[in-house]
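A short worksheet on the structure shown next.
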Amino acid sequence: MRAVKHCAVGYGFAMAATPDDPVDYIAVTRDTYAQLGYSEYRWADNRDAPAPFTEPKRPLAESTVVLIASGGVYAVGDVGFTHKDDVTFREIPTDTPSEQLRVTHFAYDETSAKDDVNAVFPIEALRAMDAGGEIGGFADVALTFMGGIYSQRRLHETLVPGVVERVKQLDADIALLVPV
Amino acid sequence: MVPRAVFTDFPLGNTAGPPNAPDVQLAIARSALENIHQATAPGTIIPLDHGWGAPWKDEARQLLDHRTTRFDTPQYQEASDRAAAIAQHGESTATG
């Protein structure tokens, strides 16, 4: 355990087996909230749920890909996301220049994303793969939302069905989800 | 359980690769999409070996609350984005 000098909420340090292990963000968040005096957040636990695994129908070079991202990305002219359980999503035409894309989020360091939105929204990479014939197509729009949603009920009842319905309309073969 | 995934061990906010590194971003997107056909079992998570290049995990493990205020009205990166949204969607929609 190591004391943290410049700590806003107290002292603590989430332990890891080795320093190079992935950061256990759930543990960090749980312990941080505990120090703030919050009651424990009950995370969705889907570890025992069956994975929605389906076999691909066609080769990658013949598959249309839809990009879905939770980092709070919107295009200039769009209504921004609220930071309080916003369960709406935006449709970003996939020919939108990166310079016209923005981010808003309350819970992650947006420095990289504001510098280059492709850090959380790989639209240029997918355009390049489409242009190079590595994928069969890049769906006309990408779907984005602001993933800091605490209400699992609203997520399940509103956001997810809306996104799923739109993905089906786009007739995509593959959905690439980019969380933050 | 996820159907299949690749894992990028980068600081939060860089899921798809470091900023201004299009070659790395492309390699990551390619790995993610190639995993669609490579993964034969549900829940296959492939760690990618792109390093971040600088130490960052000690800081990420600190028990700090980095969240900003959770405003319940639409938020914008730039003030001009708010004006653009008002122009397209009207004041009440764009500002909540």
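Quick note: the coordinates plus some simple rules give every number you see, no bench work behind them. Remember, it's a predicted structure, so these values are computed and weren't measured experimentally. Positions of Cβ are generated from backbone atoms using ideal geometry, with glycine treated the same way; all protein chains shown enter the neighbour counts.
So which residue, out of A:LYS57, A:LYS114, A:LYS84, gets the largest mean-square fluctuation from a GNM of chain A using Cα contacts under 10 Å as springs?
A:LYS57
How shielded is B:31-44 by partner chains, expressed as the average number of their Cβ atoms within 10 Å of its Cβ atoms?
On the way: counts 0, 7, 10, 2, 0, 11, 7, 0, 3, 2, 2, 5, 4, 2.
Neighbouring Cβ atoms belonging to other protein chains average 4 per residue here.
Name the most mobile residue of B:GLU78, B:GLU34, B:GLU59, meaning the one with the largest mean-square fluctuation, in a Gaussian network model of chain B with Cα contacts below 10 Å.
B:GLU78
Within 10 Å of each Cβ of A:27-36, how many other protein chain Cβ atoms are there on average? Mind showing how you got there, number by number?
Values: counts 2, 5, 3, 1, 2, 6, 2, 1, 3, 2.
The shielding value for this peptide is 3.
Going out from 0 in 10 Å bins, what whole percent of all Cα-Cα distances in the range A:23-180 drops into each bin?
Pairs per bin, as whole percents: 10, 34, 35, 18, 3, 0.
Taking Cα atoms, how many degrees apart are the long axis of helix B:79-89 and the longest axis of chain B, rounded to 10 and kept between 0 and 90?
In chain B, helix B:79-89 runs at an angle near 80 degrees to the longest axis.
Sort B:TRP56, A:TRP43 so the one with the fewest other Cβ atoms within 10 Å of its own Cβ comes first. Working shown, then result.
Working: B:TRP56 15, A:TRP43 10.
Ranking B:TRP56, A:TRP43 by Cβ neighbours within 10 Å, fewest first, gives A:TRP43, B:TRP56.
Per DSSP H run of at least 4 residues, take -39500 (n - 2.57); add these up for chain B, divide by its residues and hand me the 222 nm value, nearest 500 deg cm²/dmol. Show your work: numbers first, answer last.
Values: 4 runs with 37 residues, N = 96.
Roughly -11000 deg cm²/dmol at 222 nm, from the helical runs in chain B.
For a test of understanding, tell me how many lysine pairs in the protein assembly as shown have Cα atoms under 26 Å apart, given they are 8 or more places apart or on different chains. Before the final figure, lay out each step's value.
Numbers: A:LYS5/B:LYS57; A:LYS57/A:LYS168; A:LYS84/A:LYS114; A:LYS114/B:LYS57.
Lysine pair count for the protein assembly as shown: 4.
Enter the mean projected area of the convex hull around the alpha-carbon atoms of the protein assembly as shown, in nm², rounded to one decimal. If you can, show how the numbers build up before the last one.
Numbers: hull surface 61.2 nm².
The orientation-averaged projected area of the Cα hull of the protein assembly as shown comes to 15.3 nm².
Working only with C-alpha atoms, what are the Rg and Dmax values of the range B:1-53, expressed in angstrom?
Radius of gyration, then largest Cα-Cα span, for the range B:1-53: 11.3, 34 Å.
So what is the 222 nm mean residue ellipticity for chain A from helices alone, if each DSSP H run of at least 4 adds -39500 (n - 2.57) and you divide by all residues, rounding to the nearest 500 deg cm²/dmol? It would help to have the intermediate numbers written out before the result.
Numbers: 4 runs with 37 residues, N = 180.
Rounded to the nearest 500, it is -6000 deg cm²/dmol.
Please rank A:PHE81, B:PHE71, fewest neighbouring Cβ atoms within 10 Å first, as an exposure proxy.
Details: A:PHE81 27, B:PHE71 15.
By the 10 Å Cβ count, ascending, the order reads B:PHE71, A:PHE81.
Between A:ALA125, A:ALA51, A:ALA61, which gets the highest mean-square fluctuation from a Gaussian network model of chain A, Cα cutoff 10 Å?
A:ALA51
Please rank B:THR40, B:THR93, fewest neighbouring Cβ atoms within 10 Å first, as an exposure proxy. All intermediate terms of the calculation are to be shown ahead of the outcome.
Working: B:THR40 9, B:THR93 12.
Ordered from fewest to most neighbouring Cβ atoms within 10 Å, B:THR40, B:THR93 come out as B:THR40, B:THR93.
Using 1/(1 + (r/R0)^6) with R0 = 30 angstrom and r between the beta carbons of B:MET1 and B:ASP65, what's the FRET efficiency to the nearest 0.05?
Working: r = 29 Å, r/R0 = 0.98.
With R0 = 30 Å, the Cβ-Cβ based efficiency is 0.55.
Rounded to the nearest Å, what's the spacing between the alpha carbon centres of the range A:20-39 and the range B:1-78? Just the number, please.
The range A:20-39 and the range B:1-78 have Cα centres separated by 18 Å.
As an exercise, use a Förster radius of 45 Å and the Cβ-Cβ distance of A:ASP24 and B:THR93 to find the FRET efficiency, rounded to the nearest 0.05. Kindly include the intermediate steps, with their values, before the conclusion.
On the way: r = 40 Å, r/R0 = 0.88.
It comes to 0.70.
Let me see the pair-distance distribution of chain B: every alpha carbon pair, 5 Å bin width, integer percents in order.
2, 10, 14, 12, 11, 13, 15, 13, 7, 1, 0
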